[in-house]
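**Student:** Shown below is the structure under consideration.
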Amino acid sequence: MLHGEKVEKFPILETERLCLSNIKLEDSSEIFELFSDESVIEFYDLEKFTTLGQAQELIKLFINRFESNSGIRWAIRLKGTENLIGTCGFNTWSPKMRNAVIGYELISSSWGKGIATEAVNSIVSAAFQGLLPCGPIHRIQADTVLGNIASEALLLKLGFSEEGIRREAGFWKGKFHNLKCFSLLSSEFKA
């Protein structure tokens with residue numbers, strides 16, 4: 001499948017505790033709660049949400065990325081519930097180059113429980129096995145803002161390698177940010 005081709009079926013992933021499913025407009029309240037929490041967006045490239053409309057626009061962006069086969073974002077839900085407690089996925093992917101850029105966040109009440117690690121491990125595994133609409137991925141990249149120790153720890157735990165600092169590679173909230181680049185190759189992944 002080529003970049004830009006419409007994708008029909010959203011892949012649902014399950015882990016021991018989680019169901020990773022598509023994000024729907026019905027999730028607007030949870031997305032608003034997530035992105036209006038200062039602690040969640042501290043290192044994020046978005047301003048704090050102040051309206052439900054911002055959450056709806058973000059959901060539409062996630063849906064559009066999937067429908068245009070340029071990326072994918074899952075809702076993280078505890079099994080047996082419909083409540084969204086975070087999101088994770090590939091902000092972009094390139095079937096031609098067989099690479100993707102990953103991102104994730106969780107509501108602060110779910111931090112420290114291994115949920116993000118479990119979710120990210122699941123999508124990394126699916127990508128390397130070729131189970132996603134983009135086809136098999138060879139390289140996954142993640143960028144963290146300097147100081148985001150929890151995100152760095154998650155990536156290192158999953159086997160990502162630190163590649164270095166991309167100086168002033170990001171600009172949001174009125175200033176430039178240095179980004180620490182991490183990557184994981186399919187040959188390095190241990191499920």
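**Student:** Take SER28 and decide whether it is buried (at least 16 other Cβ atoms within 10 Å of the Cβ), on the phi < 0 side of the Ramachandran plot and in a loop (DSSP other than H, G, I, E, B).
**Tutor:** Criteria not met by SER28.
**Student:** Would you point out the residue of region 42-72, among those that are touching a residue at least 24 places away in the same chain (Cβ under 8 Å), in contact with a helix residue (DSSP H, G or I) (Cβ under 7 Å, 6 or more places away or on another chain) and crowded, with 19+ Cβ neighbours inside 10 Å, that is farthest from LYS24 (Cα to Cα)?
**Tutor:** Ranking the qualifying residues of region 42-72, first place goes to GLY71.
**Student:** Further question on the same structure: From the list ILE85, ILE76, which residue is out of contact with any Gly (no Cβ under 6 Å at 6 or more places or on another chain) and under 17 Å from LEU18 (Cα atoms)?
**Tutor:** Criteria check complete, one pass: ILE85.
**Student:** Follow-up. Of these, ALA75, ALA100, which one is within 19 Å of LEU184 (Cα to Cα) and surrounded by 16 or more Cβ atoms within 10 Å (Cβ to Cβ)?
**Tutor:** Matching residue, one of ALA75, ALA100: ALA100.
**Student:** Counting only residues that are modelled with pLDDT of 95 or more and in a loop (DSSP other than H, G, I, E, B), which one in region 134-172 is nearest to LEU184 (Cα to Cα)?
**Tutor:** The residue in question is PHE160.
**Student:** Looking at region 73-130 only, could you name the residues that are farther than 19 Å from GLN141 by Cα, touching a strand residue (DSSP E or B) at 6+ places or on another chain (Cβ under 6 Å), of a type in the set (S, T, N, Q) and in contact (Cβ under 8 Å) with a residue 60 or more places away in the chain?
**Tutor:** The answer is none; no residue qualifies.
**Student:** When you look at LEU34, is it surrounded by fewer than 14 Cβ atoms within 10 Å (Cβ to Cβ) and either in a loop (DSSP other than H, G, I, E, B) or at negative phi (or both), yes or no?
**Tutor:** No; evaluated as a whole, the condition is false for this residue.
**Student:** Out of GLU47, GLU42, which single residue is in contact with a Lys or Arg (Cβ under 8 Å, 6 or more places away or on another chain) and at pLDDT below 95?
**Tutor:** GLU47
**Student:** To continue, here is another question. Is one or more of the residues making up region 121-133 modelled with pLDDT under 95, small (Gly, Ala, Ser), in contact with a Pro (Cβ under 7 Å, 6 or more places away or on another chain) and assigned to a loop (DSSP other than H, G, I, E, B)?
**Tutor:** The answer is yes; a qualifying residue exists.
**Student:** Take the residues of region 50-101 that are in a strand (DSSP E or B) and aromatic (Phe, Trp, Tyr): which is nearest to the chain's Cα centre (by Cα)?
**Tutor:** Among those that are in a strand (DSSP E or B) and aromatic (Phe, Trp, Tyr), it is PHE90.
**Student:** How many residues are touching a helix residue (DSSP H, G or I) at 6+ places or on another chain (Cβ under 7 Å) and buried (at least 20 other Cβ atoms within 10 Å of the Cβ) if we restrict to region 113-127? Step through it out loud before you land on a result.
**Tutor:** Pass one, region 113-127, residues touching a helix residue (DSSP H, G or I) at 6+ places or on another chain (Cβ under 7 Å): 116-117, 120.
The next check asks that each one be buried (at least 20 other Cβ atoms within 10 Å of the Cβ); those that pass are 116, 120.
The qualifying residues number 2.
The values are calculated or read from the model by the stated rules, or taken from the named source; none is laboratory data. As the structure is a computational prediction, the values presented were derived from the model and not from experiment. We place every Cβ from the backbone using ideal geometry, glycine too, and count neighbours over all the protein chains shown.
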